[in-house]
Amino acid sequence: MTNEFHIDPASAGSALAGALTAEDFANLGGGHIAYLRTIRSEEAAELFPQAHLSPGLVLFTLHAADGTPIMLTDSREAAIANAMQNELVTLSVH
């Protein structure tokens, strides 16, 4: 028996990303998945305009699956602890 289907992982990933709406991403994981990103303070100022940050800092953000920022911190461990406290499974984005 052979598999008659061939899936190209590169095109499958882009097809899936193009097929999901913002609402689909929001519902991804049923509100239990968050992702962690390392960012510079210059980018953080755009996501968190109320934060007055010095330039050149390395920070960590926790986001809902749909990309909504949840928190900003200077510690990866604090972001993970916050996710655990809120019963979120965290993924890292590189």
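The values are calculated or read from the model by the stated rules, or taken from the named source; none is laboratory data. Bear in mind the structure is a predicted one, so any value in this text is a computation, not a measurement. Don't worry about glycine lacking a Cβ; one is built from the backbone with ideal geometry, like all the others, and counts go over all protein chains shown.
Can you tell me which residue within segment 47-69, out of those that are within 21 Å of Val89 (Cβ to Cβ) and assigned to a strand (DSSP E or B), is modelled with the lowest pLDDT? My answer is Ala64. Residue check: Arg40 meets all listed conditions (1) farther than 15 Å from Thr68 by Cα; (2) modelled with pLDDT of 60 or more; (3) charged (D, E, K, R); (4) surrounded by fewer than 13 Cβ atoms within 10 Å (Cβ to Cβ) but one, namely (4). Residue count for segment 77-93 satisfying the condition of being part of a helix (DSSP H, G or I) and surrounded by 16 or more Cβ atoms within 10 Å (Cβ to Cβ): 4.
Residues in segment 59-83 that are out of contact with any Leu (no Cβ under 8 Å at 6 or more places or on another chain) and within 15 Å of Ser41 (Cβ to Cβ): Ser75 alone.
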